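Asks: Before I ask anything, here is the structure I am working with.
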């Protein structure tokens, strides 16, 4: 009986220490997609400002711009999540070419549904006839050689990441001590930033379309690599869990959330004061860690889980509702908080439609496969 109690106690202690779960990964994606929407709506000054912000820093910069600029962390956050997932799958022996291929197919089916749906809407509502435009443009869009939506650039990058075998992708951080690994990621990010800013990457003439396409895709891929590696290090070294244990030891429980929030606000202020895009990786890493260390009320968990569940569809569709197809639709809400709410409502409503179509497609495929198997059995 005593033995059983001790085992139960050990199990409960283990569960208490292990805080980063699949649920937390979904919430992290929820934070990333919220940042993406805030970035695209509110990282604007002067005449580019959307709606009627109530608070202004000066005549050209609204207060909401600070949140927009801070939300530059969205792509690094997504890449951290991607790196964490790859390392996790590798440790569970589930990282295989077959699994990655299935993930690519699932993402592409999702994308094709969005493409066809908004192409049909474009035929009805787009007075400029840019969506779907010509048949050639539509066919190019199917294979990701053309884009109707600026946010779709990350599709190619993410697919390239999945095409790279995990052992090759994560090899640079495989045997490196985690502190050295994180410093390596930081130096790589800063070095690549300098290379791109001072123009060391050779220009490619517009007429050399294939070479230009390859160059742009490689640049995008290299840009996100340090964040992918950092995400893998977080997983490999269990940094979230270890930091949580350190907090329990050194900070009283009632002060933990307060301290984390104060640090996050400090990072927010410093990033906006320095206003240097090169710091985005550090800010994203710190935000990822703090967000996952904060003990969240159930309602907050549910909100971010909900956003995380719909994150892919929000990413693929949100630009259509303010910039691409239904220009200015969301901006009619006028005030930032209402614009953000309206955008999320539109995207999530659309997401349910997309998920419904996806479900029908998979059910139809399953029915066809079962029908073929039945016919084969009958022939035998």
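Per-residue answers, yes or no, for (1) part of a helix (DSSP H, G or I); (2) surrounded by 13 or more Cβ atoms within 10 Å (Cβ to Cβ); (3) touching a helix residue (DSSP H, G or I) at 6+ places or on another chain (Cβ under 6 Å); (4) touching a residue at least 24 places away in the same chain (Cβ under 8 Å):
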{"position": "219", "(1), (2), (3), (4)": "yes, yes, no, no"}
{"position": "227", "(1), (2), (3), (4)": "yes, yes, yes, yes"}
{"position": "235", "(1), (2), (3), (4)": "yes, yes, yes, yes"}
{"position": "247", "(1), (2), (3), (4)": "yes, yes, yes, yes"}
{"position": "255", "(1), (2), (3), (4)": "yes, no, no, no"}
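Asks: Something else now. For residue 165, are the conditions met, namely being at pLDDT 95 or above and either exposed (fewer than 13 other Cβ atoms within 10 Å of the Cβ) or in contact with a helix residue (DSSP H, G or I) (Cβ under 8 Å, 6 or more places away or on another chain) (or both)?
Replies: Values: at pLDDT 95 or above: no; either exposed (fewer than 13 other Cβ atoms within 10 Å of the Cβ) or in contact with a helix residue (DSSP H, G or I) (Cβ under 8 Å, 6 or more places away or on another chain) (or both): yes.
So residue 165 fails the test.
Asks: I'd like to check which helices (runs of 4 or more DSSP H) are fully inside the stretch 7-111 and have at least 1 residues that are at pLDDT below 95 and over 13 Å from the mean Cα position of the chain (by Cα).
Replies: Numbers: elements: 22-42, 64-70, 74-91.
Where helices (runs of 4 or more DSSP H) fall fully within the stretch 7-111 and carry at least 1 residues being at pLDDT below 95 and over 13 Å from the mean Cα position of the chain (by Cα), they are 22-42, 74-91.
Asks: Turning to a different aspect of this structure: Grab the helices (runs of 4 or more DSSP H) fully contained in the stretch 278-364, keeping just those with 3 or more residues being loosely packed, with under 15 Cβ neighbours inside 10 Å. Spell out the reasoning first.
Replies: Details: elements: 280-293, 298-309, 311-317.
Once the helices (runs of 4 or more DSSP H) in the stretch 278-364 are filtered for at least 3 residues that are loosely packed, with under 15 Cβ neighbours inside 10 Å, what remains is 298-309.
Asks: Same structure, new question: Please go through the stretch 132-147 and give me each residue that is assigned to a helix (DSSP H, G or I), closer than 15 Å to residue 108 by Cβ and touching a helix residue (DSSP H, G or I) at 6+ places or on another chain (Cβ under 8 Å), ordered by number.
Replies: Within the stretch 132-147, 141, 142 qualify.
Asks: Hey, among 210, 194, 204, which residue is exposed (fewer than 13 other Cβ atoms within 10 Å of the Cβ) and at pLDDT below 90? I'd like the intermediate steps shown before the answer.
Replies: Numbers: 194 fails: at pLDDT below 90; 204 fails: exposed (fewer than 13 other Cβ atoms within 10 Å of the Cβ).
Answer to the check: 210.
The values are calculated or read from the model by the stated rules, or taken from the named source; none is laboratory data. It should be emphasised that the depicted structure is a prediction, and the values quoted were computed from it without experimental measurement. Note: ideal-geometry Cβ built from the backbone for every residue, glycine included; neighbour counts use all protein chains shown.
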